[in-house]
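A.B. asks: Here it is, the structure in full.
Rule-based calculations on the coordinates, nothing more; no lab input. These numbers were taken from a predicted model, which means no experiment stands behind them. In this analysis, Cβ positions are derived from the backbone assuming ideal geometry, glycine residues included, and neighbour counts consider all displayed protein chains.
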Amino acid sequence: MTYIVALTGGICSGKTTVSDSFKKIGINIIDTDVIGRKTIEKNKEVSRSIKKKFGKKILNQDNSINRFLLRKHIFNDKKSRLWLENILHPIILKESKKKIELIKSTWCLWVVPLLFEKKIEKKASRILLIDTPVRIQIKRIIKRDKINIYEAKKIISSQISRKKRIFLSDDIILNKNQNIEKLNLYTYYLNNFYVYLSKKNNQKNIKKNNLTKFY
């Protein structure tokens, strides 16, 4: 059975940067954001429901869904965000399970931004958190999405707190300055560690609360 490491973190913490680093050394990646995006693009029933719910304000000129406009809209409306999550997450979980079952390697990386918010952390063998101070998150969101500080703070407030994420995680990478060389080194060591854990997975002497920090 494949050992599942769930990678999570707040918005703009650097999850993709770290998962890409693991991908470069041959680790199988199951990214729920990618699954969600493909579901919106290719699942006609989901696409129709979203268009019916939100109308033209989230559509491109060719009538396709503009994911940036959709994301901006749902973060300003909690009910709309929960509505969309309730449609997408059962599909994402089902597809994640199918992809994980096909993996033959000893461990895989399951990228789940809303791991704690959706209370699905127990589906993973271990949790890797990409941690970033809130002030840095805000700067990155403003730069990436071209929004103001109020909107950025509102997005962050919709997610679980940084303190709680740290408390619930097994391994932590602090990603303040996105130093690629340093992140690559962390992923190299963590890969060796997860290979070791995956081999010991059937034994009872692995303590779940052993915490690894890369600060």
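A.B. asks: Size of the dipole of region 72-142 about the Cα centre, Lys and Arg at +1 and Asp and Glu at -1 on the beta carbon, nothing else charged, in debye to 20?
C.D. replies: Its charge dipole is roughly 20 debye.
A.B. asks: Counting helices only, and only those DSSP H runs with n ≥ 4, report the 222 nm mean residue ellipticity of the chain as the sum of -39,500 (n - 2.57) divided by its residues, in deg cm²/dmol to the nearest 500.
C.D. replies: -16500 deg cm²/dmol
A.B. asks: Read phi for every residue in region 191-201 and hand back ³J(HN,Hα) as whole Hz from Karplus 6.51 cos²θ - 1.76 cosθ + 1.60, θ = phi - 60°, with x for Gly and Pro.
C.D. replies: My calculation for region 191-201 gives 4, 4, 5, 6, 4, 4, 4, 5, 6, 9, 4 Hz in order.
A.B. asks: If you don't mind, there's one more thing I want to ask. What is the spin-label model distance, in nm, from E181 to L69 if the labels are put 7 Å beyond Cα along the C-beta direction?
C.D. replies: 4.4
A.B. asks: About the Cα centre, and with charges only on the beta carbon of Lys, Arg (+1) and Asp, Glu (-1), how big is the dipole of region 35-104? Nearest 20 debye, please.
C.D. replies: 40
A.B. asks: May I pose another question? Here is the link list: K23/K139; K56/K163; K104/K154; K44/K79; K23/K72. Which ones come out longer than 31 Å on Cα distance?
C.D. replies: Listed pairs above 31 Å: K56/K163; K104/K154.
A.B. asks: In whole Hz, what ³J(HN,Hα) sequence does region 89-98 give by Karplus (6.51, -1.76, 1.60; θ = phi - 60°), x for Gly and Pro?
C.D. replies: 5, x, 5, 4, 5, 4, 5, 4, 4, 4
A.B. asks: Sticking with this structure for a sec: Mind ordering 38-47, 102-111, 4-13 by average Cβ neighbours within 10 Å, highest first?
C.D. replies: Ranking the peptides 38-47, 102-111, 4-13 by packing returns 4-13, 102-111, 38-47.
A.B. asks: Restricting to bridges with both residues inside the chain, how much of the DSSP beta-bridge set is antiparallel, in percent to the nearest 5?
C.D. replies: So the antiparallel bridges in the chain amount to around 5 percent.
A.B. asks: Near the amide H of D131, under 5 Å away, which other amide H atoms are found, from residues 5 or more places off or on another chain, if H is placed in the peptide plane?
C.D. replies: Here I173, L174, N175 satisfy the definition.
A.B. asks: Tell me, what is the percent relative contact order of region 102-173, built from C-alpha pairs under 8 Å that lie six or more residues apart?
C.D. replies: 44
A.B. asks: A further question on this structure: Amide H neighbours of N28 under 5 Å, at least 5 residues apart or on other chains, H built in the peptide plane: list them.
C.D. replies: Those lying under 5 Å, H to H, from N28 are L109.
A.B. asks: Relative contact order of the chain: what whole-number percent is it, with Cα pairs under 8 angstrom and at least 6 residues apart?
C.D. replies: Relative contact order of the chain: 35 percent.
A.B. asks: Also, quick follow-up: Taking the Cα centre of the chain as origin, sum charge times position over the Cβ atoms of Lys and Arg (+1) and Asp and Glu (-1), and report the length of that vector in debye to the nearest 20.
C.D. replies: 520
A.B. asks: May I ask for the angle, rounded to the nearest 10°, between helix 32-42 and the longest principal axis of the chain, with both axes built from Cα atoms and the value confined to 0 to 90°?
C.D. replies: Roughly 40 degrees, rounded to the nearest 10.
A.B. asks: Can you give the local net charge around E85? Use residues other than it whose beta-carbon is closer than 13 angstrom to its beta-carbon, Lys and Arg +1, Asp and Glu -1.
C.D. replies: +4
A.B. asks: Under the classification rounded if a/c is under 1.5, otherwise prolate if a/b is larger than b/c and oblate if not, where does region 1-153 fall, given a ≥ b ≥ c as square roots of the Cα gyration tensor eigenvalues?
C.D. replies: The shape class here is oblate.
A.B. asks: Nearest 0.05, what FRET efficiency do E85 and I136 give at R0 = 22 Å with Cβ-Cβ as r?
C.D. replies: After rounding to 0.05, the efficiency reads 0.30.
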